[in-house]
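Worksheet: one structure, shown below.
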Amino acid sequence: MKIPKVSRLLFAVFILSLFSQASNAQFYFNNEDGYRLWLKYDAIADRKLQKAYSKHIGSTYIAGESDTANIIRQELRYALGSMLNHNVEFSDNLKKNQLVIGTPDSLDFINRDELKGLGDEGYRIRSQKIDGKNVTLISANSDVGTLYGTYHFLRLLQTQSSIDDLNITETPKIDVRVLNHWDNLDRHVERGYAGESIWDWHKLPDYKYQRYYDYARANASIGINGTVLNNVNAAPLILTPHYLEKVEALATIFRPYGLKVYLSVKFSSPQLIGGMKTSDPLDKEVQQWWKEKADEIYKRIPDFGGFLVKANSEGQPGPGDFGRTHAEGANMLADALAPHGGIVMWRAFVYANEKNEERSKQAYSEFKPLDGKFRENVLVQVKNGPIDFQPREPFSPLFGATPKTPMMMEFQVTMEYLGFSTHLVYLGTMYEEALKTDTHAKGKGSTVGKVVDGSLFNNSISGMAGVANIGSDRNWTGHIMLQSNWYVFGRMAWDHELGAKTIADEWIHMTLSDEPQVVDTVSDLMMASREITVNYMTPLGLHHIMGVGHHYGPGPWVKDLGRDDWTSVYYHRAAKDGIGFDRSPSGVNAVAQYHSPVRDIYSSPETIPEELLLWFHHLSWDYKTKSGRTLWDELVHRYYQGAEDVSKMLTSWKTLEGTIDDQQFNQVLMALQIQQQEAYRWRNACVLYFQQFSQRPIPEGLQKPEGSLEEYEAMRFPHAPGQGR
Ligand code: BDP
């Protein structure tokens, strides 16, 4: 039957309208939901480039039959097939124009001597001639090294870099590069904003989600080599055989990706699950209990990484309960793990009311005297700042204070104090700022990065931990842009000298688009985002003024809690005479914990970087800041600037419509709209609150804040996610 032309036209219009309605109703067909992270491997649009790449990868030759070698094969089949738009030929002998991957054990033409110094994880990627054939060779001492090299090679393609004349040698600057999951066994994630825990403890060990493999792949692609599966506020149950069997299942999945499993342990486990009367680290039976526990774990998981411990901190048990030091506690565990090659990551996040010492000083006071007292397989894990993952903090004075004890960096990747998962805050700039700061511990150039990578004091082991932002949300991190924080953490743990901007650009190419205009727009947003957030939350060195408990939204009015150092008023000290915490020599003298000249620079409001002004100084509202404005006017201006800049982020994001995937575009748009509302709430609430003390007008040219202080104070968020339990 012949359908008349008009009917055909009408039918076409009908179908089209269905699609346009569908798109209004947000039915996405084949859209990007974020699951594939930065490993999307979209086809390379530039045909010329595609051809140029294909010329070098006529076929691939991957030696070896290990699980890791098979993973490399699968990854290349998927990645090259998709990016270059053709099936990848795998051959088992050398050919010209080939991508060759192997180790000295698997390929005899790979010279072991040439790989000296690369260790177990380093690799080389070289364009070279072998037997008269032009090839690209990825070589390493171990299979995992070749996997890392493969991801590096793929990244070159993903970022559209040349692969013509490669001569790359890479080794990680830091040994232990771990994620810390604050995941409880009931799947609640403390300070998690991306759904539940990805570990389904109930269904383990038998049910193995695809997500576990994809998690391992993603980590391997950025060089993360360890994962602490459970919360630092640890449940003792994790060490029972029933749970160790589940841990073993995950470790088995992760092994070929070079990802070791670690566990957070509760110090009082001998009492809680071992039926013992004490957990005193000097008690022989307690020591024996831990030795046997370690043996039991290693029997199941021969490459188990070790323990992470939060002790005598925020109510957690620890050696202090038995009159012992942190070193005595850590060493007992270290001795149990040492025969198996395991390590202890002992956290320095300690502070206690009874100490009667200002909170920011306590970790240093506790740990500095213990320098030299820890076993060789202990790292002390320190948060980047002396308080607690604030939008901006000075570096912790422990970095540079303990030549004989490796200080491991703990960054927060999750967004506890940064507005949760609707705020676009790229943390690369924050990590870079912390790592590049000069401690002056051994003169100029003694950066925090050099303390952490062990080079400053020649430590035999080094580490960096990131408190994970990962959850069961389809896009893993609750906000597509926040995937970049997982990414940048891994890349900086591998090489902390890589710049935040370089890494942001890489990530955008791999995740969003190759279009230069998109890359530039998004890169500008990301690079500015952290400073913008500091401005609308805690400008000029203010800190810890978030909502009580959940830490969501503004709460400068928070007072009268169980402990002073949990309140906001303790930190901002706003009063009629001014604002800020005097930690200079005239106050609690926290500056004394820093090396000179840092301590001298921080001691005076005239020389301290203005970003840290109110962290270290209590100043009058009329104090003249660098801009020439009074402190009050400057503070208000910064709050206004921050909020306005979020509106600009939103405007700039809107220009991307149609240039990136619809679903990605819309998700970020919705989040930015929420972030905008919240930035204004922060601005209004804080300005109104501080105005009670300053008793000065809103500076000329700025609108009066909307709403009343009472309204802001009355806001409640009883179900804000991620609270501790
Ligand atoms: C704080 C969190 C709390 C963590 C604690 C820690 O609010 O949930 O347990 O740090 O690091 O930032 O141990």
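None of the figures in this text is laboratory data; all of them are computed from the coordinates on show. Predicted, not measured: the structure shown is a model, and the values here were computed from it. So basically every Cβ, Gly included, is an ideal-geometry build from the backbone, and we count neighbours across all protein chains shown.
Counting other Cβ atoms within 10 Å of each Cβ, which GluC sites (Glu not before Pro) in the stretch 282-383 have at most 16 and sit in a DSSP loop? If you can, show how the numbers build up before the last one.
Numbers: sites: Glu285, Glu292, Glu296, Glu314, Glu328, Glu354, Glu357, Glu358, Glu366, Glu376; in loops: Glu314, Glu357, Glu358, Glu376.
Here the sparse-neighbourhood loop sites are Glu314, Glu357, Glu376.
Size of the stretch 47-170 along its principal axes in angstrom, Cα-based, largest extent first?
So the extents along the principal axes, rounded to whole Å, are 39, 28, 26.
Mind counting lysine pairs for me in the stretch 394-517? Cα separation below 18 Å, and the two need to be 8 or more apart along the chain or on different chains.
The number of close lysine pairs in the stretch 394-517 is 6.
Please rank Lys51, Lys368, fewest neighbouring Cβ atoms within 10 Å first, as an exposure proxy. Walk me through the intermediate numbers first.
On the way: Lys51 11, Lys368 14.
With the sparsest Cβ surroundings first, the list reads Lys51, Lys368.
Please give me, ordered by residue number, the trypsin sites (Lys or Arg not before Pro) of the stretch 199-273 that lie in loop per DSSP and have at most 15 other Cβ atoms within 10 Å.
Details: sites: Lys203, Lys208, Arg211, Arg217, Lys246, Lys260, Lys266; in loops: Lys203, Lys208, Lys266.
Here the sparse-neighbourhood loop sites are Lys203, Lys208.
Taking the alpha-carbon centroid of each part, what is the distance from the stretch 674-725 to the stretch 280-311 in angstrom?
48
What is the calculated FRET efficiency for Ser596 to Asn458, with r their C-beta to C-beta distance and R₀ = 30 Å, to the nearest 0.05?
Values: r = 23 Å, r/R0 = 0.75.
For Ser596 and Asn458, the calculated efficiency is 0.85.
Work through the residues other than Leu650 whose Cβ is under 14 Å from its Cβ and net out their charges, Lys, Arg +1 and Asp, Glu -1.
Details: positive: Lys648, Lys654; negative: Asp524, Glu644, Asp645, Glu657, Glu678.
For residues surrounding Leu650, the net value is -3.
Using the Cα centre of the stretch 176-499 as the reference point, and only Cβ charges (+1 on K/R, -1 on D/E), how large is the resulting charge dipole? Debye, rounded to the nearest 20. Mind showing how you got there, number by number?
Numbers: 35 positive and 37 negative charges, 89 e Å.
Magnitude of the dipole: close to 420 debye.
Exceeding 26 Å between C-alpha atoms, which entries from my cross-link table qualify? They are Lys246/Lys277; Lys40/Lys133; Lys284/Lys373.
On the way: Lys246/Lys277 28 Å; Lys40/Lys133 31 Å; Lys284/Lys373 20 Å.
Correct reply: Lys246/Lys277; Lys40/Lys133.
Explain nothing, just the number: relative contact order of the stretch 176-499, from Cα pairs under 8 Å at least 6 residues apart, as a whole percent. Mind dumping the intermediate values first?
Values: 654 pairs, mean separation 63.1, N = 324.
The value is 19 percent.
Rounded to the nearest 0.05, what FRET efficiency do Ile130 and Arg725 give with R0 = 56 Å and r taken as the Cβ-Cβ distance? Could you check? Show your work: numbers first, answer last.
On the way: r = 58 Å, r/R0 = 1.04.
Calculated value: 0.45.
How much length would be gained if the chain were fully extended between Tyr298 and Ala43, taking 0.36 nm per residue of separation minus their Cα-Cα distance, in nm to one decimal?
Working: separation 255, 0.36 × 255 = 91.80 nm, distance 4.36 nm.
Value of the extension gain: 87.4 nm.
What is the gain in length, in nm to one decimal, between Leu156 and Phe109 on full extension, counting 0.36 nm per residue of separation less the C-alpha to C-alpha distance?
Net length gain for the segment: 14.4 nm.
Residues with beta-carbon under 14 Å from that of Lys260, excluding Lys260: net charge, scoring Lys, Arg +1 and Asp, Glu -1? Provide the component values of the computation, followed by the final result.
Values: positive: Arg177, Arg255, Arg300; negative: Asp120, Glu121, Asp175, Glu248, Asp303.
That works out to -2.
For Lys55, list the aspartates and glutamates whose Cα falls under 15 Å from its own Cα; do not include residues on the same chain fewer than 8 positions away.
Those aspartates and glutamates meeting the cut-off are Asp46, Glu89, Asp164, Asp165.
Across bins of 5 angstrom width beginning at 0, how are the C-alpha pair distances of the stretch 375-516 distributed, in whole percent?
Histogram of Cα-Cα distances, whole percents per bin: 2, 10, 19, 21, 19, 13, 8, 5, 2, 0, 0.
Show me, bin by bin at 5 Å from 0, the whole-percent P(r) of the stretch 621-714 based on Cα pairs.
Histogramming the stretch 621-714 at 5 Å steps yields 2, 13, 20, 18, 15, 11, 9, 7, 4, 1 percent.
Which trypsin sites (Lys or Arg not before Pro) from the stretch 81-173 combine a DSSP loop assignment with at most 12 other Cβ atoms within 10 Å?
Values: sites: Lys95, Lys96, Arg112, Lys116, Arg124, Arg126, Lys129, Lys133, Arg155, Lys173; in loops: Lys95, Lys96, Lys116, Lys173.
For trypsin sites (Lys or Arg not before Pro) across the stretch 81-173 that sit outside H, G, I, E and B with at most 12 neighbouring Cβ atoms in 10 Å, the list reads Lys116.
With helices defined as uninterrupted DSSP H runs, which ones in the chain have an alpha carbon span along their own long axis of at least 18 Å and mean Kyte-Doolittle hydropathy of at least 0.5?
On the way: long enough: 5-24 (28 Å, 1.07); 67-84 (25 Å, -0.02); 143-158 (22 Å, 0.17); 241-254 (19 Å, 0.36); 284-300 (25 Å, -1.98); 516-537 (31 Å, 0.21); 631-654 (35 Å, -0.69); 662-694 (47 Å, -0.49).
Once both thresholds are applied, what remains is 5-24.
Around Leu166, what is the net charge, scoring Lys/Arg as +1 and Asp/Glu as -1 over all other residues with Cβ under 14 Å from its Cβ?
Numbers: positive: Lys55, Arg124, Arg126, Lys129, Arg155; negative: Asp164, Asp165, Glu170.
The answer is +2.
So what's the back-of-envelope 222 nm ellipticity for the chain, counting only DSSP H runs of four-plus at -39500 (n - 2.57) apiece and dividing by all residues, rounded to 500? Write down the numbers at each step before the final one.
On the way: 21 runs with 270 residues, N = 725.
Computed mean residue ellipticity for the chain: -12000 deg cm²/dmol.
For the stretch 176-499, taking Cα atoms only, what is the radius of gyration to one decimal and the Dmax to the nearest whole Å?
Every Cα atom of the stretch 176-499 included, Rg and Dmax give 18.6, 55 Å.
Would you calculate the separation in nanometres between label points at Ala528 and Ser54, each defined as 7 Å from the Cα along the Cα-to-beta-carbon direction?
Output for this residue pair reads 4.1 nm.
Remind me, relative contact order of the stretch 170-297 in percent, using alpha carbon pairs under 8 angstrom and six or more residues apart? Show your work: numbers first, answer last.
Working: 165 pairs, mean separation 30.5, N = 128.
This gives 24 percent for the stretch 170-297.
Stick to Cα atoms and the Kirkwood definition of Rh, then tell me Rg/Rh for the chain.
Working: Rg = 27.1 Å, Rh = 27.4 Å.
For the chain, the value is 0.99.
Taking the Cα centre of the stretch 47-170 as origin, work out the dipole magnitude from +1 charges on Lys and Arg Cβ and -1 charges on Asp and Glu Cβ, in debye rounded to 20. Show your work: numbers first, answer last.
Values: 15 positive and 16 negative charges, 164 e Å.
The calculation lands at about 780 debye.
Within the stretch 176-499, what percent of beta bridges assigned by DSSP are antiparallel, to the nearest 5?
Numbers: 2 of 33 bridges.
In the stretch 176-499, DSSP labels about 5 percent of beta bridges as antiparallel.
What are the residues whose amide H is under 5 Å from the amide H of Asn134, where those residues sit 5 or more places off or on another chain and H is modelled from the backbone?
Excluding prolines and chain starts, which carry no amide H, the hits are Asn97.
What percent does the relative contact order of the stretch 47-170 come to when contacts are Cα pairs within less than 8 Å and at least six residues apart?
Numbers: 220 pairs, mean separation 32.2, N = 124.
It rounds to 26 percent for the stretch 47-170.
Fewest first, what order do Leu259, Leu76 take by the number of other Cβ atoms within 10 Å? Each step should come with its number before you reach the end.
Numbers: Leu259 25, Leu76 20.
Fewest-to-most Cβ neighbours within 10 Å comes out as Leu76, Leu259.
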